[in-house]
Amino acid sequence: MQLPLTQRVITIMNTDLDINKYIQLRHKIHKLPELKYEEAKTAQLVATTLKNLGYLVSEGLGKTGVVGLLDTNRPGPCIAFRSDMDALPIHEQNCIPYKSTIDGKMHACGHDGHTASLLCAAEALMQRKDRYKGKIKLIFQPAEEGGAGAKAMIDDGVLENPKVDMIFGFHNRPGFEEGYIFAKPGSAMGGDTSIEVIITGKGGHAAMPHLARDPIVIAAQFINNIQAAVARQLSPLCSGVVTVSSIQAGSRKGINVIPDSCSLTISLRSDSLETRNLLVAATENALKSACMTGGCDFAFNLLLDIPALINDPAATDLAIAAFKNNFDHGKVEKIDYMPAMGAEDFSFYLNEISGCYFFIGNGLNSAYLHNPHYDFNDAIITVAKDCYLSLADSLLS
Ligand SMILES: [Zn+2]
Ligand SMILES: [Zn+2]
C-alpha cells in the first residue's frame, strides 16, 4: 500500500513553500488540456504565476511559449530550465476528481506535471536568489508533441538576450521507481524523422496491367527492400528503426482498377545524426530503385525532423553530481543504455548549447506515457523542484 502523498514526499532542500499549491495547480492544468500551439490558457496561467513571483516575463515566443527571467544582478552564467506545456489528442479514461474536462484531449505525457514542477521551482529559486550569481531563465515551451515547439522558441530567440550557457530539463518515466533520477551521457533519446512518399504510376484496368504502371506493386517492393536498411546497412552498434506507418492507394469500390498513385508515410528513428542520415538515404535509394524498375515517378517529402537527443557528457556529469549532493545516492544514477527510442524536441536546444535532459521515475505501477490511463505522479513535483535547485546551487552559488 502506498503512503499518503504528504508522508512520501522527501523535501530535502530547505525551502518555505506550500507544495500543495503546486499540486492544485497541476490539477488545474490537467483539467484544461490544450494541444500543440493552442496552449493559450496554460501560458496565461504560467505567465501570471511567474509575474506574481517577481520574474521578468516574456510571452508569445514560439507562438504560445512563456519565459521567466531571474536576474541576480551579479555577474555569472545564465542557465535555463525548460518545461513543455502541451497535451495530447487522447480521451482520458481515468476516474480522478481533476479529470480532463475536454473530450478527446488529455495530459497523457505529464506536461501538466512538468509545468507545475518548474513553477514550484520558480518560487523556490526566487526565495534563494540572494545566494546566486548570474541569471536563470525558465522556459515554458509549446508543442513538444510532434510540433517542434523547441525549434519555434529558438527561432524566436529564447536562447539569446541574455545568452543561455547551459540548459536542463526532465521527463517523468513510468515503470521506474517514484523519484528515481537518472540520466545518460551522449545519445539519450531517438531522433524522429517523418517522411511522406508518393509513388505515381499510370492507372488502368485490373485485367490489363501491361497497359498500366502499377504503383501498388512498386510500393510493395519498396516496403520489402527498406526492411534491409537497419538489418544490413546500419552498424549493429547503432540504433535505428524504419516503420512504414501507413499506405493508401485505390479504393474498395474500384476493385477492378489499378490506381494512379500510392502514398505512404514512414517513421524513422535514430540514435544520432549519422544514423538518421544513413536511414534517410537508404529509404530514398530503396524508393528510387523500386520506382526505376517499375517506371514510376516519386515524391519524397520530409514532414518532421526531430534530431536525436545527445546529452553533453560534462553537463550530465555535473547534473548527476549536483543531484548526489542533495539526494540519497541510491536514488540517482548515470546510466549507460538508451532508455527509449522515443523522440524529445529538447534535442533542438542541445544542438545549440550544452546541457542535459534527465528522467525522474513516475512510479513502478504508473500507466505508460500516451495511455488514456496515464497520470503524472504529484509526489515527483518536489523531486523535480529539488533537482532544479541542486543545479542552480551547483552552477550559480
Ligand atoms: Zn509525449
Ligand atoms: Zn512528453
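Annotations
- 13 Å Cα-Cα reach of residue 129 towards aspartates and glutamates, excluding residues that sit fewer than 8 places from it in its own chain: 71, 393
- Residue exposure sequence - 317, 386 - by fewest surrounding Cβ within 10 Å: 317, 386
- Peptide ranges 237-249, 328-340, 355-367, 274-286 listed from the most packed, as the mean C-beta count within 10 angstrom indicates: 355-367, 274-286, 237-249, 328-340
- Relative contact order of region 191-306, defined on C-alpha pairs under 8 angstrom at six or more residues apart (%): 46
- Region 294-335-region 220-274 distance, computed between alpha-carbon centres (Å): 25
- Cα gyration tensor category, rounded, prolate or oblate, for region 2-132 with a/c compared to 1.5: oblate
- Environment charge at residue 335 (Cβ cut-off 12 Å; Lys +1, Arg +1, Asp -1, Glu -1): +1
- Translational diffusion of the chain, µm² s⁻¹ [Kirkwood Rh, Cα pairs; Stokes-Einstein; 4 °C; 1.567 mPa s]: 57
- With an a/c value of 1.5 or above and a/b larger than b/c for the gyration tensor axes a ≥ b ≥ c computed over the alpha-carbon atoms, region 191-306 is described as prolate.
- Local net charge near residue 295, Cβ-Cβ under 12 Å (Lys/Arg +1, Asp/Glu -1): 0
Read-outs throughout are calculated quantities, based only on the coordinates presented, and are distinct from any laboratory measurement. Model, not experiment: these values are computed from the prediction. In this analysis, Cβ positions are derived from the backbone assuming ideal geometry, glycine residues included, and neighbour counts consider all displayed protein chains.
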